[in-house]
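Only one structure is covered here, and it is reproduced in the block below.
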Amino acid sequence: MSKIEDRAFIDLTNLKTIHLKSNLLANLTINMFSGLISLENLYLDRNNIENIHLESFKNLVNLEILDLTFNRIFTLNDRVFRSLSKLIDLRLDFNKIESIGDETFYGLNSIRTIDLSSNSIKKFHPLAFNYLVTITSLDLGFNDLVNISEFSFRNLTLLTTLDLGVNEIQSLHPDLFVDLISLRDLILYANKIEIIDRELFRNLTKLENLGLSFNKIRFFNESTFFSLINLHTLYLSDNLLTDLYENIFAGLIKLNYLYLENNQISFVDKNSFNQLDNLKYLYLASNRLDYLDSEVFNKTSDLVNLGLENNLLKTIDLSCLKKLVKSFAIGFKSIFKF
């Protein structure tokens with residue numbers, strides 16, 4: 001089906017859901033959805049939609065889910081969603097969107113989830129998301145973002161998940177996340193980030209998962225993670241880290257998983273892992289370690305898995321492992337138990 005006549009649904013005033021997935025629709029016209037005043041779910045994914053008329057959704061006042069995934073949408077008119085005050089879930093992933101205006105999402109007063117991943121977004125207006133005060137999940141992964149304004153995520157105090165992974169981001173303003181007091185998952189992997197400001201995470205006290213793998217980070221200040229008192233998992237693999245200094249992970253009192261593989265780490269201070277009393281999985285594989293201090297794991301007695309394969313270690317002072325009473329991995333396949 002490549003076309004739906006205007007007012008084709010005019011008499012379906014009680015209809016709750018329409019599935020129009022996997023058709024050949026190219027345009028959403030002004031009166032295509034006239035009459036659908038009770039519609040709650042509209043699935044338009046996997047079509048050829050390029051154009052959405054400014055008035056296409058004007059009658060869908062009760063819509064809660066709008067799926068436009070896998071189409072060919074290039075631009076979104078400002079206020080195109082203004083009638084969708086009850087919309088909860090907006091799916092726009094896998095399109096060709098290049099930019100987001102300051103009023104693109106105007107009127108989405110109940111929105112919780114917006115997925116904009118896998119587009120070609122190079123920029124969005126600094127105020128594009130500021131009035132989405134109900135949003136809990138925002139996915140901007142797999143785009144072409146380079147610079148993000150410090151004002152981009154202001155007022156989003158209910159946001160729990162933010163995905164900025166697989167972009168071209170080079171730097172992050174210290175105040176970028178200042179209002180994200182409910183954030184639990186922050187994904188920043190596969191960008192070009194070189195420096196993390198020590199103030200960047202200062203208000204993220206509820207954060208549980210932080211992904212920074214596949215960047216170009218060379219070091220962290222010792223206070224960088226100090227506010228992340230609820231962090232469970234920290235991904236730092238595939239960066240350019242060379243040294244783990246004393247108290248580099250200070251503040252991470254609930255950390256369970258620490259991924260540091262595929263860096264250039266050649267030095268680990270004996271106090272690097274201080275305060276990591278709950279650490280259970282530590283991965284240091286594929287680095288340049290040729291020595292481990294005998295006291296380096298003294299504060300990590302709960303470790304379940306320690307990965308040290310593909311380093312330059314020739315000998316290990318077993319006293320540094322004496323408190324690791326559970327199993328740990330070293331080398332390619334070797335498992336030692338105490």
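To the nearest 20 debye, what is the magnitude of the charge dipole of the chain about its Cα centre, counting +1 on the Cβ of each Lys and Arg and -1 on the Cβ of each Asp and Glu? Don't skip to the answer; put the middle values down first.
Numbers: 34 positive and 41 negative charges, 129 e Å.
The calculated dipole for the chain is roughly 620 debye.
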**OP:** Would you mind calculating the gained length between Asn247 and Thr75 on full extension (0.36 nm times residue separation, minus the Cα-Cα distance), in nm to one decimal?
**Re:** 57.2 nm
Original post:
Which one of Thr29, Ser272, Leu204 has its Cα pushed farthest toward the positive end of the charge dipole of the chain, where Lys and Arg give +1 and Asp and Glu give -1 at the Cβ?
Top reply: Ser272
Original post:
Once you have the alpha carbon radius of gyration of the chain, what is it after dividing by 2.2 N^0.38 Å, with N set to its residue count?
Top reply: 1.22
Original post:
For all pairs of alpha-carbon atoms in the stretch 227-301, what percent lies in each bin of width 10 Å, listed from the first bin to the last filled one?
Top reply: 21, 57, 22, 0
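In the stretch 185-311, what is the count of Lys pairs whose alpha carbons are under 12 Å apart, counting only pairs at least 8 residues apart or on separate chains? Display every interim value, and only then the final one.
On the way: Lys192/Lys216; Lys206/Lys254; Lys254/Lys280; Lys270/Lys299; Lys280/Lys299.
Pairs that pass both the separation and distance tests number 5.
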Original post:
Mind listing which GluC sites (Glu not before Pro) in the stretch 1-70 are in a DSSP loop and have 13 or fewer other Cβ atoms within 10 Å?
Top reply: Glu5
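Strictly greater than 13 Å: what percent of every Cα pair in the stretch 198-269 meets that?
Working: 1621 of 2556 pairs.
In whole percent, the long-distance tail amounts to 63.
Antiparallel versus total DSSP beta bridges in the chain: what percent is that, nearest 5?
Working: 2 of 45 bridges.
So the antiparallel bridges amount to about 5 percent of the total.
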Subject >> Candidates Ile148, Ile30, Ile135: whichever shows maximal mean-square fluctuation once the chain is modelled as a Gaussian network with Cα springs under 10 Å >> reply: Ile30
**OP:** Kindly state, as a whole number, the per residue volume in cubic angstrom of the convex hull around the alpha carbon atoms of the stretch 58-102.
**Re:** 76 Å³
**OP:** Could you work out how far apart the two model spin labels at Asp269 and Asn51 are, taking each label as a point 7 Å from the Cα in the direction of the beta carbon, and quote it in nm?
**Re:** 6.3 nm
**OP:** Return the long-range amide H neighbours of Ile169 (sequence gap of 5 or more, or a different chain), with a cut-off of under 5 Å between placed amide H atoms.
**Re:** Lys192
**OP:** Quickly work out the Leu312-to-Ser38 label distance, labels modelled 7 Å from Cα along the C-beta direction, and quote it in nm with one decimal.
**Re:** 7.3 nm
Subject >> Where GluC sites (Glu not before Pro) fall in DSSP loop in the stretch 216-290, at most 16 other Cβ within 10 Å >> reply: Glu222, Glu246
Subject >> Cα-centre dipole for the stretch 1-143 with unit charges at Cβ (Lys and Arg positive, Asp and Glu negative), debye to 20 >> reply: 80 debye
**OP:** With a Förster radius of 25 Å, plug the Cβ-Cβ distance of Glu222 and Tyr257 into 1/(1 + (r/R0)^6) and report the FRET value to the nearest 0.05.
**Re:** 0.75
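All of the numbers you see were taken from the coordinates with simple rules; none came from a lab. What you see is a predicted model; the values in this text were computed from it and never measured. Note that we place each Cβ from the backbone using ideal geometry, even for glycine, and neighbour counts take in every protein chain shown.
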